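Shown next, in structure tokens, is the structure this report addresses.
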Amino acid sequence: MNMRATNAGGYRMGSLLADFQPDFDFSAPLPLPVEEFEDRLRRVRRQAVEAGHDALIVHAGSVGWFHASNAYLRYICDWMREGVLIIPTDADKAMVLLSFFTQSVLLPPGGEPVLVDEIWQIGPIGREYADRPGDSVLKTAEKCAEVLASLGLAKAQIGRIGDRTSLTFWSALDDLLPKSKFVADNAILDRMQKVRSPREIEIFRAAAQLISIGTQAAYHVAKPGVTDHEILAAFTYAQMALGGETGDGYQIGINEFGTHCGKPYGRIVRPGDLINLYISNVTYRGYTAQTARMIAVGDITSHQEDVLAACTEGVKRAEKLIKPGALMRDVNNAAFEPMIERGMLMSPEARTMPYNWSPMEDGGARLIPNQYVKDIDWEAQGRKLMHVYPATHGPHNPNLGHSVGMAGGQNSFNISSHNYDRMEEGMVFVLHTQWLEPLSAGCNIGDMYVVTKDGFENLSRHTPLETHRIAAEA
């Protein structure tokens with residue numbers, strides 16, 4: 001087999017972006033003031049009291065690429081590393097942070113913790129790493145038990161907040177403090193993040209502006225002959241040059257069918273291609289934004305145009321309903337009306353809707369179709385695409401959107417047919433309509449919104465929702 005390395009094209013990146021300038025000014029807000037963290041801590045302690053807890057323990061582990069495994073510590077005290085935060089319910093007792101127990105090499109700033117009285121460095125340890133006996137997780141649990149005992153909390157009811165990386169730590173703490181009662185209570189912090197403050201919204205707005213700047217940079221360089229690596233690099237350069245915290249929170253899909261949710265692999269843009277920029281996460285000061293945009297290169301099929309039109313119209317119909325008091329179900333269902341009118345769907349109900357990653361009707365596993373799919377850029381690297389992705393037609397998700405929060409956080413709500421909650425001022429979310437028919441047509445577009453007193457603000461308004469068009473000639 002003849003093989004060649006796909007030309008990454010990075011040597012021309014400077015020339016591709018040489019005359020790029022976004023068409024609006026970026027406004028960079030300052031970090032949240034200490035007073036906002038003080039208010040959060042007061043509310044956290046109050047909810048702990050109502051739950052009968054004598055203290056809270058908040059755990060965040062470390063995951064790949066130097067990220068904390070959840071956003072809880074950053075939300076409470078602006079700490080962006082791994083750590084265990086001990087919060088006594090009594091305000092006159094010290095708040096203690098245990099950290100530096102992984103091999104992550106990040107140092108503050110950013111992320112000097114606020115309101116913390118003591119920080120203890122546990123230290124990564126072990127035979128291979130440090131030629132010393134011991135386990136960092138157990139050492140952290142031992143120190144946590146020691147601190148709790150010093151605070152008079154060795155026999156107490158303690159709420160614990162964490163994620164899957166916390167399980168070994170919780171187990172060790174159970175053994176060390178057998179007379180304490182531990183109660184899982186993530187809901188304390190999850191509830192607090194459903195509605196955002198004006199200062200938080202400023203940071204969300206900045207994150208959304210970074211997406212718009214990155215998107216404009218991607219539009220600037222996208223043309224036939226350019227690679228997916230170059231387009232994503234342009235996006236990354238533009239947003240990170242202005243303060244974006246990471247460059248790994250988004251996807252790009254390029255082919256003649258409109259497939260989305262991909263990662264770059266050396267695909268070269270050609271006439272007839274559909275390009276999706278699925279920006280799942282651009283982070284600014286810990287807060288994220290999300291949008292999705294489509295790019296058409298030259299002429300595409302009439303069916304593809306119809307799918308693009310249905311998805312675009314769906315977001316716009318849903319947007320008209322956003323205001324305090326609006327039923328989330330109604331906003332969701334409005335977006336699927338254009339698909340129903342075109343015969344693409346029968347109903348907006350999530351329970352009945354086909355979607356790209358759905359199991360079989362009985363809930364069992366679905367076999368991915370085994371079929372050769374031509375991809376000359378992948379084959380030039382010595383590989384072949386031998387399955388059809390996704391396995392089914394329909395939207396990517398059986399709903400319209402979801403809340404947008406802090407990096408590493410979970411969605412606090414979905415915009416779906418089965419959500420009968422009403423919108424409140426200060427809610428932040430993305431609405432993205434998605435449709436994909438394997439090897440035929442696809443679209444994924446969406447905007448990010450905040451509910452205001454009188455309606456909404458479109459935080460991603462600096463780039464139009466409509467499909468961006470590029471001439472077929474290079």
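The values are calculated or read from the model by the stated rules, or taken from the named source; none is laboratory data. From a predicted model like this one, the values you see are computed outputs, not experimental measurements. Here Cβ is always computed from backbone atoms with ideal geometry, including for glycine, and neighbour counts include all displayed protein chains. Note: areas computed on protein heavy atoms with side chains; ligands, DNA, RNA excluded. Shrake-Rupley method; radii C 1.70, N 1.55, O 1.52, S 1.80 Å.
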Candidates VAL428, VAL373 - the one that is touching a helix residue (DSSP H, G or I) at 6+ places or on another chain (Cβ under 7 Å) and in contact (Cβ under 8 Å) with a residue 60 or more places away in the chain:
VAL428
So, restricting to strands (runs of 3 or more DSSP E) that lie completely within segment 376-474, which ones have at least 1 residues that are open to solvent by less than 40 Å² (accessible area, probe 1.4 Å) and either modelled with pLDDT of 95 or more or closer than 20 Å to CYS261 by Cα (or both)?
401-403, 428-437, 441-451, 456-458, 468-470
Single condition ARG270 does not satisfy, out of (1) surrounded by fewer than 19 Cβ atoms within 10 Å (Cβ to Cβ); (2) in contact with a His (Cβ under 9 Å, 6 or more places away or on another chain); (3) farther than 29 Å from GLU457 by Cβ:
(2)
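Can you work out which of the residues in segment 64-80 that are open to solvent by 20 Å² or more (accessible area, probe 1.4 Å), assigned to a loop (DSSP other than H, G, I, E, B) and at pLDDT 90 or above is farthest from ASP135 (Cα to Cα)? Spell out how you get there, then give the answer.
Kept after step one, since they are open to solvent by 20 Å² or more (accessible area, probe 1.4 Å), are these residues of segment 64-80: 64-69, 72, 74, 78, 80.
Then keep just the ones that are assigned to a loop (DSSP other than H, G, I, E, B); that gives 64-66, 69, 78, 80.
Applying the additional criterion that residues be at pLDDT 90 or above yields 69, 78, 80.
Numbers: SER69: 19, ASP78: 27, MET80: 22 Å.
Filtering first and then ranking leaves ASP78.
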Which of the residues belonging to segment 356-368 are open to solvent by less than 60 Å² (accessible area, probe 1.4 Å) and touching a residue at least 24 places away in the same chain (Cβ under 8 Å)?
ASN356, SER358
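Tell me yes or no: at least one residue of segment 289-300 is open to solvent by 10 Å² or more (accessible area, probe 1.4 Å) and among the hydroxyl-bearing types (Ser, Thr, Tyr). Give the steps one after another, and end with the answer.
Going residue by residue through segment 289-300, those that are open to solvent by 10 Å² or more (accessible area, probe 1.4 Å) are 290, 298-300.
Filter again for among the hydroxyl-bearing types (Ser, Thr, Tyr), leaving none.
The answer is no, given that none of the residues of segment 289-300 is open to solvent by 10 Å² or more (accessible area, probe 1.4 Å) and among the hydroxyl-bearing types (Ser, Thr, Tyr).
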In segment 199-232, the residues that are among the acidic types (Asp, Glu), under 25 Å from GLY426 (Cα atoms) and surrounded by 22 or more Cβ atoms within 10 Å (Cβ to Cβ):
GLU200
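Within segment 21-61, track down each residue that is free of Cβ contacts under 8 Å to residues at least 60 places away in the same chain and in a loop (DSSP other than H, G, I, E, B).
GLN21, ASP25, LEU30
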